[in-house]
Amino acid sequence: MTGERPHWLTLAEARRALRARELSSRELIADTLAWIEETDPVTLAWVTVTAESALAAADLADREFEAGVDRGPLHGIGFGIKDVVAVAGVPMEVGSEAARGFVPREDATVVANLRQGGGICLGKTVTHEFAFGSASPPARNPWDGRSVPGGSSGGSAAAVAAGQTAAAIGTDCCCSVRNPAALNGVCGIRPTFGRVSTTGVVPASLGLDTVGPICRTVEDVATMLAAMSSFDRADPRSSRAPVADFAACLRNAPNDLAGLRIGVPDNHFFEHLETDVERSLDDALETLRGLGATLHPVVLPHAGHALPAFFVLDVAEEAALQYDHLRRKPGRLGEDVQQWAELGSMILATDYIRANQMRALIVRDWEDAFENVDVIVTPATAATAKPPRDHPIYIAVDYPDGYSEDIVFAYGRFLIPVSMAGLPGLVVPCGRDRSGLPIGMQIVAPAFDELTALRVGAAFEGTRDPYSPPPAVAAAR
């Protein structure tokens, strides 16, 4: 526990306290809601807080505990939901004027799964408009209270980092669970494509979207992933792959990584890095070696083509999804989303086909690499969190080698090749820059082998200091 108040409890800690009757669900939820009210002026991470229904659910959980009913590891514990995921009766406006006033009638499948396991929805967190950007305005990074929290699940990651919830749901098309996790110093996983249902989730891309959890520990990510995952006949991309009790498997796994083979890419993934990011990744790889893993160079020949191919696919699908807004409701989209959608409307069918051909080559590259290694480790982002400049649409990042790029690319360049291959990618904190802003490491595993990525992340996490509250919210206590 990182503070005296129960809102800082991890899922695992809260679960133990609730079952030992050291804490009631009402006490936990009431304290969390109070902390959101105290600190949201720093993070601006919440769109809607459903305090009344959350407290009612907490009272129900306490009655169930008294009656001997235990719904699972989330029972009586709160979670946040990115505002592109449907919660029945709660506005879902996806960060856009174009969706103002829309209220879904049913929960998304992933929300229904979490509620069935006894989880309590605390409300909706900020998303970049239509989940299409890396700034998530107006949310702010709780480590300095000024910088962007990444995106598009920036509100979810900022809320978790700030202790406003032990867990939150994000979505990941390009990198939208993983870059916010890295920039906010927390853990997040993009599951294998099809592992978690997207029914009831506003899509950015029907062929790339996933839903993933963000938490402060790897064990909590494992708990959430198991609770979220299920086959869903309503989602044609949903997989029937079996779902393990990931957290229990972690607890039974050895603490070291003896015999594990870790791939380290020779190309693309270590180019154009901020100095502190490069240093932190070098240190992290040495830590993994010290845990017993062996490091092996791997080559992913087409990784450098993933980003342009991704944007061809993504903006074309975005244009199709935003067709009515572009043609019938002009002016209701934000500037950056409007520009991406307009660009997508100019993509030719031949461009889209060639991008899919490149995607097939990228998939094969990863399959070939995993013939010789168990996981592949890369930086999560090339740079740490940056403050907005003028507006959140273009924020330049300059590197020591003279290279410069927008944060959309700095925060997605190493994550997009994983998205294109549909693979699971876990992000864990691995350091901080000279300003104290977090740095993340990405652990990529073969399809439907989230457990190995989680095992590596948990072993690494065991070598680090316990989580400490970010300075900007710690000052608000």
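The values are calculated or read from the model by the stated rules, or taken from the named source; none is laboratory data. The shown structure was predicted, so the numbers you read here are calculated from the model rather than taken from an experiment. Cβ: placed from backbone, ideal geometry, glycine included. Neighbour counts: every protein chain shown. Heavy atoms of the whole protein, side chains included, go into the accessibility calculation; ligands, DNA and RNA do not. Shrake-Rupley method; radii C 1.70, N 1.55, O 1.52, S 1.80 Å.
Residue check: G440 meets all listed conditions (1) touching a residue at least 40 places away in the same chain (Cβ under 8 Å); (2) open to solvent by 10 Å² or more (accessible area, probe 1.4 Å); (3) at negative phi; (4) outside any helix (DSSP H, G or I) but one, namely (2).
Residues in region 263-300 that are more than 16 Å from P429 (Cα to Cα) and in contact with an Asp or Glu (Cβ under 6 Å, 6 or more places away or on another chain) were compared, and the one that is surrounded by the most Cβ atoms within 10 Å (Cβ to Cβ) is L300.
Only a single criterion out of (1) farther than 22 Å from A247 by Cα; (2) in a loop (DSSP other than H, G, I, E, B); (3) of a type in the set (G, A, S); (4) at pLDDT 95 or above is not satisfied by G3, namely (4).
When we screen E52, E13 for residues that are modelled with pLDDT of 95 or more, charged (D, E, K, R) and within 30 Å of A99 (Cβ to Cβ), the only hit is E52. I'd like the residue in region 101-140 that is open to solvent by less than 10 Å² (accessible area, probe 1.4 Å) and assigned to a helix (DSSP H, G or I) and, out of all such residues, is farthest from F65 (Cα to Cα). Of everything passing the filter in region 101-140, V110 is farthest from F65 (Cα to Cα). Scanning region 6-31 for residues that are surrounded by 22 or more Cβ atoms within 10 Å (Cβ to Cβ), part of a loop (DSSP other than H, G, I, E, B) and in contact with a strand residue (DSSP E or B) (Cβ under 8 Å, 6 or more places away or on another chain) yields nothing.
The sole residue among G72, G95 that is more than 30 Å from D144 (Cβ to Cβ) and not in a helix (DSSP H, G or I) is G72. Helices (runs of 4 or more DSSP H) fully within region 141-253 that include at least 1 residues being open to solvent by 10 Å² or more (accessible area, probe 1.4 Å) and touching a His at 6+ places or on another chain (Cβ under 9 Å): none found. Residue count for region 393-421 satisfying the condition of being assigned to a loop (DSSP other than H, G, I, E, B), buried (at least 21 other Cβ atoms within 10 Å of the Cβ) and not β-branched (V, I, T): 5.
Candidates A61, A51, A57: the one that is among the aliphatic types (A, V, I, L, M), over 20 Å from the mean Cα position of the chain (by Cα) and open to solvent by less than 10 Å² (accessible area, probe 1.4 Å) is A61. Within region 378-392, being in contact (Cβ under 8 Å) with a residue 60 or more places away in the chain, of a type outside the set (V, I, T) and in a loop (DSSP other than H, G, I, E, B) holds for A380, A382, A383, A385, K386, P387, P388, P392. The lone criterion from (1) touching a His at 6+ places or on another chain (Cβ under 8 Å); (2) modelled with pLDDT under 85 left unmet by N372 is number (2). Among the residues of region 35-48, not a single one is within 16 Å of L114 (Cα to Cα), open to solvent by 30 Å² or more (accessible area, probe 1.4 Å) and touching a residue at least 60 places away in the same chain (Cβ under 8 Å). Given the condition hydroxyl-bearing (S, T, Y) and closer than 25 Å to P137 by Cβ, answer yes or no: does some residue in region 336-355 qualify? Yes: region 336-355 contains one or more residues that are hydroxyl-bearing (S, T, Y) and closer than 25 Å to P137 by Cβ.
Of E97, E66, all but one fail to be surrounded by fewer than 17 Cβ atoms within 10 Å (Cβ to Cβ), out of contact with any Leu (no Cβ under 6 Å at 6 or more places or on another chain) and in contact (Cβ under 8 Å) with a residue 12 or more places away in the chain; the exception is E97.
Kindly provide the set of residues from region 443-463 that are buried (at least 22 other Cβ atoms within 10 Å of the Cβ) and farther than 17 Å from R261 by Cβ, ordered by number.
E450, A458
Evaluate region 309-325: report whether one residue or more is in a helix (DSSP H, G or I), open to solvent by 40 Å² or more (accessible area, probe 1.4 Å) and touching a Pro at 6+ places or on another chain (Cβ under 9 Å).
Yes: region 309-325 contains one or more residues that are in a helix (DSSP H, G or I), open to solvent by 40 Å² or more (accessible area, probe 1.4 Å) and touching a Pro at 6+ places or on another chain (Cβ under 9 Å).
Residue pairs whose Cβ atoms lie under 7 Å apart, sitting 6 or more positions apart in sequence or on different chains, and linking a residue in region 220-233 that is over 15 Å from F448 (Cβ atoms) to a partner that is of a type in the set (V, I, T) and open to solvent by 10 Å² or more (accessible area, probe 1.4 Å), are D220/T10; D232/T109; D232/T199.
One line per residue, one yes/no per condition, for (1) touching a residue at least 60 places away in the same chain (Cβ under 8 Å); (2) farther than 29 Å from A355 by Cα:
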residue	(1), (2)
H268	yes, no
L273	yes, no
D282	no, yes
H296	yes, yes
A306	yes, no
F311	no, no
V315	no, no
L321	yes, no
D336	yes, no
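All conditions in (1) open to solvent by less than 20 Å² (accessible area, probe 1.4 Å); (2) closer than 30 Å to A475 by Cβ; (3) touching a helix residue (DSSP H, G or I) at 6+ places or on another chain (Cβ under 7 Å); (4) in contact (Cβ under 8 Å) with a residue 60 or more places away in the chain hold for L74, with the sole exception of (2).
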